[in-house]
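Working notes, structure below.
The values are calculated or read from the model by the stated rules, or taken from the named source; none is laboratory data. Because the structure is a prediction, the values reported are computed rather than measured. Cβ placement follows ideal geometry from the backbone for every residue including glycine, while neighbour counts extend to all protein chains displayed. Accessible surface areas use protein heavy atoms only, side chains included; no ligands, DNA or RNA. Shrake-Rupley method; radii C 1.70, N 1.55, O 1.52, S 1.80 Å.
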Amino acid sequence: MTVVLEKDSMPGIDENFLQLRDASCSLSSNSTHIMGSMSFSTCGTKIEDKGDFIAFTNEINSFVLPSEVIVRRKTVKIGFSCQFPKTISISSYFSLHKSDYIFTESGFGSFGYTFEIFRDGGFSKKVPAKAYPVEVKLLQIIYMGIQAQSELPDVKVFVESCKATPDDDPDNSLSYSLIENGCIKDETLKVYASSDPTSFNFEVQAFKFTGNYDQVYITCSVILCESSSPFSRCAQGCLKEPSRRRRSTLSKETVGHSITQGPLRFVRQAVPEAAVDEDEVMMMNSGTSDMKNDDVHLMIKNNTSDEMMRSNTSAKVVPPSLPTEIHPNEEGWKIKDLLNTNVSTIFFATAFLVSLVVMAVLIRHFSKKRKAEDRKSLISSGW
């Protein structure tokens with residue numbers, strides 16, 4: 001840590017008679033400032049526990065020479081410190097690509113794993129490190145592979161578990177199991193058979209966590225076993241009841257090591273433009289069943305405004321009661337419409353006239369009958 005004192009703030013201070021707690025550490029100065037620099041473990045620096053913080057403290061003191069009997073200098077004691085929080089949060093949102101993991105165990109020496117994302121099911125073209133975070137879409141097939149490297153010739157890799165988390169913390173309470181106790185848990189996960197016992201290749205359909213999460217990390221626990229050992233964890237495979245599993249002293253295997261790859265970041269897909277499917281067009285045509293398809297063709301016009309297009313808002317097309325545009329035989333449609341209207345008018349007019357004639361005939365008939373009855377009654381009365 002470094003301490004800097006401004007000379008103007010300390011008038012009358014003689015910089016030649018200042019020192020740190022440890023007198024062997026000297027201070028330096030220029031025309032305006034007095035400076036001191038030290039590590040956290042030298043020059044008399046002390047460590048203090050302050051609850052949530054750790055503090056490193058030191059001080060600048062004035063001193064007197066052994067030969068001095070009296071002094072006219074000001075006494076100086078200036079304390080200073082640097083403190084750090086005991087716990088901090090580190091964001092791994094832009095974490096770099098990590099694929100190589102190296103471990104050492106007795107009986108296996110040094111061994112390692114690579115965990116990669118591939119472009120296709122051939123597992124030969126890796127996604128380059130500069131492409132991380134890897135952008136994917138929902139339901140896209142993701143190809144991943146684990147490869148073990150060991151100094152021993154007869155070894156086999158076994159993936160005991162794989163789970164997804166929204167960050168690179170495998171202990172995150174929010175997780176989703178893909179493989180558990182050697183058993184496949186996700187219905188879209190497929191393991192590819194391989195002639196190489198040190199490789200494990202699989203595919204899974206992309207998914208995302210519900211909520212405000214747009215990335216996924218995959219963490220797998222892997223074990224390296226001696227291929228010829230019939231009692232190893234690799235030989236046991238999927239265990240429905242893992243509590244009964246006991247590690248045999250005859251088996252030669254490593255402990256489980258966690259390796260992580262990611263993140264897979266989900267890209268937002270654009271909202272498709274407004275469209276009318278065939279069923280809607282058929283429903284619109286059914287409203288004018290008296291017209292044949294050969295005679296009339298409906299055209300849907302998208303009247304979406306510029307503002308709606310900019311906001312990616314789909315416009316709902318409402319079918320009109322009559323065609324808004326006529327394709328392109330417009331004169332034929334007008335004539336047919338006119339003919340249909342005239343026929344209807346003539347029909348109703350004819351029916352009205354016929355009803356008037358029938359009513360006139362009935363009135364005339366009853367009028368004549370009434371007069372005949374009156375004449376007959378007058379004759380019979382002797383009038």
- request: Out of the residues in region 185-215 that are modelled with pLDDT under 95 and among the β-branched types (Val, Ile, Thr), state the one that is farthest from Val267 (Cα to Cα).
  value: Thr198
- prompt: Can you tell me which residue in region 107-127 is nearest to Val191 (Cα to Cα), limited to those that are touching a residue at least 12 places away in the same chain (Cβ under 8 Å) and exposed (fewer than 11 other Cβ atoms within 10 Å of the Cβ)?
  reply: Asp120
field: Within region 15-38, considering residues that are surrounded by 12 or more Cβ atoms within 10 Å (Cβ to Cβ) and farther than 17 Å from Glu59 by Cβ, the one modelled with the lowest pLDDT
entry: Ser29
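For region 88-100, indicate whether the set of residues that are modelled with pLDDT of 80 or more and open to solvent by 60 Å² or more (accessible area, probe 1.4 Å) is non-empty.
The first filter runs over region 88-100 and keeps only residues modelled with pLDDT of 80 or more, leaving none.
Scanning region 88-100, I find no residue that is modelled with pLDDT of 80 or more and open to solvent by 60 Å² or more (accessible area, probe 1.4 Å), so the answer is no.
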- line: Over region 156-190, the set of residues of a type outside the set (Asp, Glu), touching a residue at least 12 places away in the same chain (Cβ under 8 Å) and outside any strand (DSSP E or B) is Pro166, Pro170, Leu174, Ser175, Asn181, Gly182, Thr188, Leu189
- request: Mind telling me which of the residues Ser67, Ser28, Ser37 ends up being in contact with a Gly (Cβ under 8 Å, 6 or more places away or on another chain) and small (Gly, Ala, Ser)?
  value: Ser28
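For Tyr213, state whether it is open to solvent by 70 Å² or more (accessible area, probe 1.4 Å) and farther than 15 Å from Lys185 by Cα.
Values: open to solvent by 70 Å² or more (accessible area, probe 1.4 Å): yes; farther than 15 Å from Lys185 by Cα: yes.
The answer is yes for Tyr213.
On the given criteria, is Gly112 out of contact with any helix residue (DSSP H, G or I) (no Cβ under 6 Å at 6 or more places or on another chain), at pLDDT 80 or above, closer than 28 Å to Tyr192 by Cβ and assigned to a loop (DSSP other than H, G, I, E, B)?
Numbers: out of contact with any helix residue (DSSP H, G or I) (no Cβ under 6 Å at 6 or more places or on another chain): yes; at pLDDT 80 or above: yes; closer than 28 Å to Tyr192 by Cβ: yes; assigned to a loop (DSSP other than H, G, I, E, B): no.
It is false that Gly112 is out of contact with any helix residue (DSSP H, G or I) (no Cβ under 6 Å at 6 or more places or on another chain), at pLDDT 80 or above, closer than 28 Å to Tyr192 by Cβ and assigned to a loop (DSSP other than H, G, I, E, B).
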message: With the requirement that a residue be hydrophobic (A, V, I, L, M, F, W, C), farther than 19 Å from Cys225 by Cα and either assigned to a strand (DSSP E or B) or open to solvent by 30 Å² or more (accessible area, probe 1.4 Å) (or both), what does region 192-210 give you?
response: Phe202, Val204, Phe207
